[in-house]
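Presented below is the structure to which this report refers.
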Amino acid sequence: MSATAAHTAPSAALRFVRGINVGVAIFLVLYGTIAVLQPSYFEVEGFLNFLRRAAPLIILACGQLFVIAGGGFDLSMGSLVTLTVLGGSMLAGGNPENTWWTIGVLYLIGLGVGLVNGLVVTLLKVPSIIATLGMLLSLNGAALMWSGGAPRGYLPENFRALGRLVYREVPVTGIMPLSVIILIGFVALAAWLLHATVFGRQVLAVGDNPRAAELAGVPVGATRVLVFVISALSAVTAGILLGGFAGVSTAVGQGLELQAIAACVIGGAQLLGGRASVTGAVAGSLSLFALFTLLNLMGLPQPLRETVQGLILIAAVASSAWRMRRA
Amino acid sequence: MSASADIAVARPAREIPVAPLLFAGSLALYIVTALATGQHAYLTGEGFVGLTQRMVALGIVALGQTLTILVGSIDLSVANLISVAAVLASFIMKGEPAMIAPAVLAVLALSAAVGLVNGLIIARLDVNPLIATLGVGLILQGLLSASFSNFAGSVPSAFQAFAYGRIGPLPWSVLLLFVLAFAIWLMLTRTRFGAHLYATGGNRDGARLAGIRTERVIIGAHVLCSLMAGLTGLYLASRLRAGAPWVGRDGVYDLESIAVVVIGGTLLAGGRGGVWGTLAGVFLFATLDAVFNMTGIDAFPKQVLRGAIVILAVAVYAVRSRGHVA
Amino acid sequence: MKTQIGFVALLAGLSTGAIAQNFNDPAEFERQKALLTVAPQGPDGKPWEQNLGGEKVDTAKYKKPGPYKLCFSNAGVNNPWRVVGFTNMQAEVDANKADIASFTHADAEGKDDKQISDINAFVNSSQCDALIVSPNTTAALTPAVEAAAKKLPVVVFDRGVDSKAPVTFINPIGGYGFGIQGASFIAEKIPAGGSVLALRILPGVDVLENRWAAAERIFKEKGIKVVGAEFTNGDNAKTKAIVEDYINRFGKIDGVWMDAGATAVAALEAFEDAGKPYPVINGEDQQDFLQKWKKNKLTAIAPTYPTYQWRTPVIAAIRILKGEPVVGPTWKLPQPAITAENLDKFVNDKMPPLHYALCGCEQMTNYPARWGGK
């Protein structure tokens, strides 16, 4: 009854509100509040610095989005980030000459991890939540085993620059962090892959209904494997930026996988597949990061920040479920 | 109604008997390792009691997790609820024997309430269970850590009997674990609620069309699961003599309980499985702890092995399933 | 109805819980402050065998013929401090090959419940002549340690238990001492009216809470303005983000106090990236911090919680089984701070970033390779 009413008299304002991605709306509200509390965030420089810090989470969310769109989960992202940072310091050993081949090896490791995740899910039929949970444990153990439990070396300066370097005196924007350039390139690539290629449509089809997709001629297994590879490669990218931004530590990746999933969901992605957008994932991760920043600025006691995070998570998903039903 | 019964009866009879195989395999691993390393004390009665004691905490919460997974849901808030329950119990008891009953009641009531909230958010608001329970878990942990930062209060020695007391050679808590498992097995196989649980997990829309009030079934499963988490919290408070706000999270009871349920042959999508498989999965984890201790394997290779074992244990029987898995 | 009771109970917990615990014990503060000035007894240059005061315990009743079977229940190796410490302990075991027949360890992975089971299994195993325990938490492990002490000589170190049952409990001065050393230095060196940012890892860990309680007290006594106390989770990225925000907000931060040094370099990098001068800072004895300190000539101090304390329990266990008296029931080890005067003695760029300089391991076999050095 109410649904009919809404259809017959949809005020322009209501339609506009429905059209906005929840994530975008949440982000604008949160960022506006931050900027009121801390005016420097209103300046271009402040925003770019914010983006620089949020870049790893955005990249992780974009990678996770492919797996979610295909109907699965990747819980191994966080420990792959840890492996990337610890492994990078082990391989490069502080020597700038080693940086480029080190990065190559790290991407190869990522490729391997993604392939194993994908093959375990498609060939051994282990649900992705369990397959990647096992991978989480193993990778974390492997990273610590490799380094002996503590960081064993430094990342060279040119490696660090990828996450740390900020170009000064740039026209128009004033400053330009290198990681923001990488971020823009990565997001563009992800958006193109998901929204403008046959592969992207196949991912969404597989997530929506694998049997129907198969009947329609979609290579379901290969598509599944590929989404895990994409997710793993994005985790390596995020690891390189995080290691670059802040240096080596053993706890660097902890919990990032859940943040990435939460970011996708806040951005309107449907768990278990079928509906996903890169804009949403970006907006979702920006919202989440803005929330962390805001709670920091407000000086709320640490534990209550978790509570607020939980509330927002449920509210975002409940509201999008509600909008789905009414649409 | 008949449709639901059909679905319940249609549980697989010809599949691999996961529970006995897993149990026998774990036991063999344990015995062989004890013999090979010459640590015969592990093979005495006391050794086996120690082994089963390792099962209790994870076992109780995993029994509850079995129900949510069977009904096609999942519960990521159990670890945080365990912390809340442990802290609340010891905080209310404050070492007073007279306060045991009120504390236990309060913990169980709160747990049921959390389960109700989980169930309502999932069944009524249509929020994905992973996100709903992750969110509720965060809320619980936040409120808890905001009010307690360390061990709060203590439990009286009478209450410690729960974790340390024995009937003859058998610890109370181990006995409780098996009684609970038996009770839940009865409920799943002999009651209408059990049949509805399988039916809802197997095919929610079908079950609804067959007249089952699936929302209530889902909410019921979550309430029971949270009650089990509350019991685990009570057990830990008794064993540790007090509750601390990190006991649940440090025990990784959320992910580990899900892992043992799935290792035990319960289908992650719901509708198939049962408690004995879960207990066998818990037994495997307890055995691994003991075996790693006997062999003196370092902490980090241990993690790698445990991850691989989780995947392989599920793969062994999942590989034969048809259709797509995500 | 039931629901209401539950929520009321939780709310009651919320309102009074904060009072139920207290990490700020003025008497212990004074005791540790006094210990900082006590001259250590024992062999020169071997602080892990020294003691600050303390009695001797007679151990004749534990005497038995060697070599001995030692068992060790470890809380975990979940941070670099524990990794370095456990490496020290294993090296100490190797150095005493003649007296040790076997050394068995169980890692509790940071779980109280598992550590209780591990200790019980050791006691029943008849594979242990003596048991060394590094408890995951004090309260939870007390009953298990007490039960073990009825059957075996037990040595506890790092974190204690609420019991006199162990033969001895070994640790350095403690958290208050750390907090006093760092905060006093910062209070003295920052300009008058300067501001201090406090960075903490996470709430609820006893030794970290003690460090902060002591520092807070010192800052209050000296009238220093603490502009914020933030939790970093020991994460470099989060540390850097927080410090950047504070620099943005206040323009100038004169001092940074830290309850642990693992993220000190990340905090300093935030000042570099913002183009600000380095603050007066306290780190810890991690090599990355010491190297940065030397290279950039920081105004800094590094209080420590020395990892050499992991050597002492092995030495103590052997002495106990030989029937030789040991320092007990509490054995306080020296807890020196690294200052500008002795920095050169500890800094070593051949060692990994989070190697703890006060490992007391430089003369041990396979140094530095065993600790990851070159």
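The values are calculated or read from the model by the stated rules, or taken from the named source; none is laboratory data. A quick note: this is a predicted structure, and the numbers were derived from the prediction, not measured. With ideal geometry, Cβ positions are generated from the backbone for all residues, glycine too; neighbour counts draw on all protein chains shown. These area figures cover heavy atoms from the full protein model, side chains too; ligands, DNA and RNA do not enter into them. Shrake-Rupley method; radii C 1.70, N 1.55, O 1.52, S 1.80 Å.
Structure notes:
- Scanning the stretch C:186-238 for residues that are part of a helix (DSSP H, G or I) and closer than 20 Å to B:Ser145 by Cβ yields C:Asp206, C:Val207, C:Leu208, C:Glu209, C:Asn210, C:Arg211, C:Trp212, C:Ala213, C:Glu216, C:Lys238.
- On the stretch given as the stretch B:303-317, residues that are open to solvent by 10 Å² or more (accessible area, probe 1.4 Å) and within 7 Å of chain A (Cβ to nearest Cβ) total 5.
- Filter result (among the hydrophobic types (A, V, I, L, M, F, W, C) and either in contact with a Ser or Thr (Cβ under 7 Å, 6 or more places away or on another chain) or open to solvent by 40 Å² or more (accessible area, probe 1.4 Å) (or both)) within the stretch C:185-201: C:Ala192, C:Leu199, C:Ile201
- Selection status of B:Thr287, touching a residue at least 40 places away in the same chain (Cβ under 8 Å), of a type in the set (S, T, N, Q) and open to solvent by 20 Å² or more (accessible area, probe 1.4 Å): no
- Residue that is open to solvent by 20 Å² or more (accessible area, probe 1.4 Å), in a helix (DSSP H, G or I) and among the aliphatic types (A, V, I, L, M), where the choices are B:Leu88, B:Leu108: B:Leu108
- Number of the condition not met by B:Pro245 [criteria: (1) more than 14 Å from the chain's Cα centre (by Cα); (2) within 11 Å of chain A (Cβ to nearest Cβ); (3) surrounded by fewer than 24 Cβ atoms within 10 Å (Cβ to Cβ)]: (3)
- Positions within the stretch A:28-43 being assigned to a helix (DSSP H, G or I) and over 23 Å from the mean Cα position of the chain (by Cα), in sequence order: A:Thr33, A:Ala35, A:Val36, A:Leu37, A:Pro39, A:Ser40, A:Phe42
- Selection count where residues are over 15 Å from the mean Cα position of the chain (by Cα) and open to solvent by less than 10 Å² (accessible area, probe 1.4 Å), scope the stretch C:285-308: 5
- Residue match in the stretch C:125-137 (condition: away from chain B (no Cβ under 11 Å) and β-branched (Val, Ile, Thr)): yes
- Where a residue in the stretch C:71-93 is outside any helix (DSSP H, G or I) and its partner, wherever it lies, is surrounded by 24 or more Cβ atoms within 10 Å (Cβ to Cβ) and of a type in the set (Phe, Trp, Tyr), with Cβ under 8 Å and at least six apart: C:Cys71/C:Phe122; C:Ser73/C:Phe122
- The set of residues in the stretch B:122-155 that are farther than 30 Å from C:Asn136 by Cβ, open to solvent by 20 Å² or more (accessible area, probe 1.4 Å) and facing another protein chain (nearest Cβ under 7 Å) comprises B:Leu125, B:Asp126, B:Asn128.
- Among the residues of the stretch C:336-349, those that are open to solvent by 10 Å² or more (accessible area, probe 1.4 Å), in contact with a helix residue (DSSP H, G or I) (Cβ under 9 Å, 6 or more places away or on another chain) and either within 14 Å of another protein chain (Cβ to nearest Cβ) or not in a helix (DSSP H, G or I) (or both) comprise C:Pro336, C:Ala337, C:Thr339, C:Ala340, C:Val347, C:Asn348, C:Asp349.
- Given (1) among the aliphatic types (A, V, I, L, M); (2) in a loop (DSSP other than H, G, I, E, B); (3) closer than 30 Å to A:Arg275 by Cα, index of the condition A:Val172 fails: (3)
- The one condition in (1) on the phi < 0 side of the Ramachandran plot; (2) under 15 Å from the mean Cα position of the chain (by Cα); (3) open to solvent by less than 20 Å² (accessible area, probe 1.4 Å) that C:Gly174 fails to fulfil: (1)
- One residue stands out among those in the stretch A:175-211 that are aromatic (Phe, Trp, Tyr) and free of Cβ contacts under 8 Å to residues at least 40 places away in the same chain: the one that is least open to solvent (accessible area, probe 1.4 Å), which is A:Phe199.
- Among the residues listed as B:Thr52, B:Thr68, the single one being closer than 24 Å to B:Val179 by Cβ, β-branched (Val, Ile, Thr), crowded, with 24+ Cβ neighbours inside 10 Å and touching a Pro at 6+ places or on another chain (Cβ under 8 Å): B:Thr68
- Qualifying residue in the stretch A:116-127 (condition: closer than 30 Å to A:Glu157 by Cα, more than 9 Å from every other protein chain (Cβ to nearest Cβ) and open to solvent by 10 Å² or more (accessible area, probe 1.4 Å)): no
- Positions within the stretch A:284-308 being in contact with a Phe, Trp or Tyr (Cβ under 8 Å, 6 or more places away or on another chain) and open to solvent by 10 Å² or more (accessible area, probe 1.4 Å), in sequence order: A:Leu286, A:Phe289, A:Gln302, A:Arg305
- Verdict on C:Asn282 being open to solvent by less than 20 Å² (accessible area, probe 1.4 Å) and within 24 Å of C:Lys350 (Cβ to Cβ): no
- Answer residue from the stretch C:269-279, given it is within 10 Å of another protein chain (Cβ to nearest Cβ) and assigned to a loop (DSSP other than H, G, I, E, B) and is least open to solvent (accessible area, probe 1.4 Å) among those: C:Ala274
- Total residues in the stretch A:134-169, condition open to solvent by less than 10 Å² (accessible area, probe 1.4 Å) and not in a loop (DSSP other than H, G, I, E, B): 6
- From the options C:Val161, C:Val145, C:Val156, residue that is surrounded by fewer than 24 Cβ atoms within 10 Å (Cβ to Cβ), more than 7 Å from chain B (Cβ to nearest Cβ) and not charged (D, E, K, R): C:Val161
- Some residue of the stretch A:235-244 being over 27 Å from A:Phe27 (Cα atoms) and in contact with a Lys or Arg (Cβ under 9 Å, 6 or more places away or on another chain): no
- Extreme residue, nearest to the chain's Cα centre (by Cα), among residues of the stretch C:247-266 that are within 12 Å of chain A (Cβ to nearest Cβ) and surrounded by fewer than 20 Cβ atoms within 10 Å (Cβ to Cβ): C:Ile247
- Residue identified as under 26 Å from C:Glu362 (Cα atoms), surrounded by fewer than 22 Cβ atoms within 10 Å (Cβ to Cβ) and within 14 Å of chain A (Cβ to nearest Cβ) among C:Asn74, C:Asn88, C:Asn79, C:Asn96: C:Asn79
- Which listed residue, of C:Glu221, C:Glu188, C:Glu244, is of a type in the set (D, E, K, R), within 13 Å of chain A (Cβ to nearest Cβ) and more than 23 Å from the chain's Cα centre (by Cα): C:Glu244
- Residue within the stretch B:96-103 that is open to solvent by less than 10 Å² (accessible area, probe 1.4 Å), within 20 Å of the chain's Cα centre (by Cα) and within 12 Å of chain C (Cβ to nearest Cβ) present: no
- Taking helices (runs of 4 or more DSSP H) as the structural unit, those lying wholly within the stretch A:239-327 and holding at least 2 residues that are within 11 Å of chain B (Cβ to nearest Cβ), at pLDDT below 85 and closer than 30 Å to A:Ser40 by Cβ correspond to A:302-326.
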